[in-house]
Amino acid sequence: MHDTILIVDFGSQVTKLIARRVREERVYCEIVPFQKADAALRDLRPKGVILSGGPASVLDKDAPLAPPSIFSAGVPVLGICYGEQVMAHQLGGAVEGGHSREFGRAEVELKKRSALTDGVWEVGERYPVWMSHGDRVTKLPPGFEAIATSANAPIAMVADEKRHFYAAQFHLEVVHTPHGAALIRNFVRTIAACAPDWTMRAFRDEAVEKIRREVGGGRVLCALSGGVDSAVAAVLLHEAIGDRLTCVFVDHGLLRLGEGERVVALFRGHYNIPLVHVAAADFFLKALSGVEDPEQKRKIIGKLFIDVFEAEAKKIAKDGGGPAEFLAQGTLYPDVIESISFAGGPSATIKSHHNVGGLPERMHMRLVEPLRELFKDEVRALGREIDLPEAFVGRHPFPGPGLAIRCPGAVTREKLEILRLADEIFIEEIRRAGLYDDIWQAFAALLPVRSVGVMGDFRTYDHVVALRAVTSTDGMTADFYPFDMAFLGTIARRIVNEVKGINRVVYDITSKPPGTIEWE
């Protein structure tokens, strides 16, 4: 059992960043919606609780609140933004609306020392923070004192040292609060006294044992996409159960150039893991013919994957391999919490192509998800722990629906081929310049427009390709990569000259703000 921090989600777009800051301290944590917090408190027995921000007002009828058991459990509690207002409202203080709102950058002045700020902030100094609130606390609950103020929040930070209750009106978890991570560290490591034992070496040993207990003597099919998540899951499963694992790699015709060959070579050569390579391009492209809505594409692809796995399970059983009782996939923690997040929250319909909620009953199979507790960067660390080749560990994320959602509008073989070639040139030039590892994700996408242009002595009417490259740690926030214009010019010239069907290249410089889950 690891020391655990329970994070109660009130619907903030950046709740996952709280979990990232806690995990960075090598402390295990879980996020639960406020409706399930009481049960989670009993089951997890956390050493501390963090109350997230959220879009509601505690003054609203039926406003989301924390279960009273959290405040009587005898564990430290930290409230962030809406979490501060919840604490004040439920513990005998007062919250009012109608004051000056405060969104974006602000400054707070530390008035009194506390265990939360020790070693991070000095009394009398002012510090930059990120605010996002309309209501504000106007009366302190009994036992609390104000320890910091801002221009629009006279009670910007509070502490009850006796009960180890703390709260801040600003967001500690975002990078725009430069010292926020250190304040969370004080809460997790000092106040809650959590041991820093959440390591990938420990996780590997625990995961292998957990797989063996869960699977017993059964057989497992692993959905292998070639990305780092499914690759790590496959190697971990093979370590746990050996030849009772069969990987199924579905080539759905929506892969990057040469993708299928690379995946098969690694798993048949380097690991000698039993692998079924299913050539299903015709099957998938026929089902996607004429479909333009991206969400419908995802659902079609997800259903077809299940159909393929079901058919392969029957083939293996018929060939004498025995029935496969389990289907494994590389589900990550963001997939899980985005599928069960705060009701009506911004991520309610995200990850529709994952089977996070379970498999169809007709399959008579159970899901095995050995990575469902991990974030993407933790999976990469685990990949290195199990000696997965760096070419896979450091590989840019590639979505399950593949190029289908980078090809707006109807998917055709012609458009896919154009997109593959443009994407290959983009990635090739990034690698040649030594920039691949500095970028979290880079890809090309066809825009749903055509452009009139002149090439030589001819007028053209061809596709426009957009290039996207972002920097990130975990994919929850991202910013565009600042390429040199000459470098972009080189790529654009190569694509226009070498890829028939494209006459214009654009570079996307939009950022991915906190809470925006995907950008495909």
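What follows is calculated from the coordinates using simple rules that are stated; it is not laboratory data. From a predicted model like this one, the values you see are computed outputs, not experimental measurements. Here Cβ is always computed from backbone atoms with ideal geometry, including for glycine, and neighbour counts include all displayed protein chains.
Below, the figures for the structure above:
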read-out	value
Environment charge at residue 310 (Cβ cut-off 15 Å; Lys +1, Arg +1, Asp -1, Glu -1)	+3
Average Cα contact separation per residue, the chain, under 8 Å, 6 or more apart, as relative contact order %	11
Highest average packing first - 112-122, 31-41, 288-298, Cβ atoms within 10 Å	31-41, 112-122, 288-298
Label point distance in nm, residue 292-residue 451, each placed 7 Å from Cα along Cα→Cβ	2.2
Residue 319 versus residue 278: modelled label distance in nm, points set 7 Å from Cα along the beta carbon direction	1.3
Difference of contour (0.36 nm per residue) and Cα-Cα distance, residue 362 to residue 209	52.2 nm
Reachable aspartates and glutamates from residue 318, criterion Cα separation under 16 angstrom, eight or more residues apart if same chain	310
Crossing angle, helix 15-24 versus the chain [Cα axis fit, 0-90 degrees, rounded to tens]	90
Restraint check, 210/314; 303/415; 47/210; 16/315; 297/500, Cα-Cα greater than 29 Å	16/315
Listed peptides 162-173, 484-495, 127-138 by packing density, highest first (mean Cβ within 10 Å)	162-173, 127-138, 484-495
The chain - share of DSSP beta bridges that are antiparallel (%, nearest 5)	50
Alpha-carbon centroids, the range 306-329 and the range 364-405: separation in whole Å	22
Helix-only mean residue ellipticity at 222 nm for the chain, each DSSP H run of n ≥ 4 adding -39500 (n - 2.57), per residue, nearest 500	-9000 deg cm²/dmol
Label-point separation, residue 182 to residue 122 (7 Å along Cα→Cβ), nm	1.1
Relative compactness, the range 208-278, computed as alpha-carbon Rg over 2.2 N^0.38 Å	1.10
Cα-derived Rg to Rh of the range 149-283, Kirkwood definition	1.23
P(r) weight above 18 Å for the range 52-154, C-alpha pairs, percent	50
Degrees, to the nearest 10: 200-215 long Cα axis against longest axis of the chain	70
All-pairs Cα distance distribution in the range 366-486, expressed in whole percent, bin size 10 Å	11, 33, 33, 17, 5, 2, 0
Translational diffusion of the chain, µm² s⁻¹ [Kirkwood Rh, Cα pairs; Stokes-Einstein; 4 °C; 1.567 mPa s]	52
Distant alpha-carbon pairs in the range 185-235 (separation over 17 angstrom), percent	58
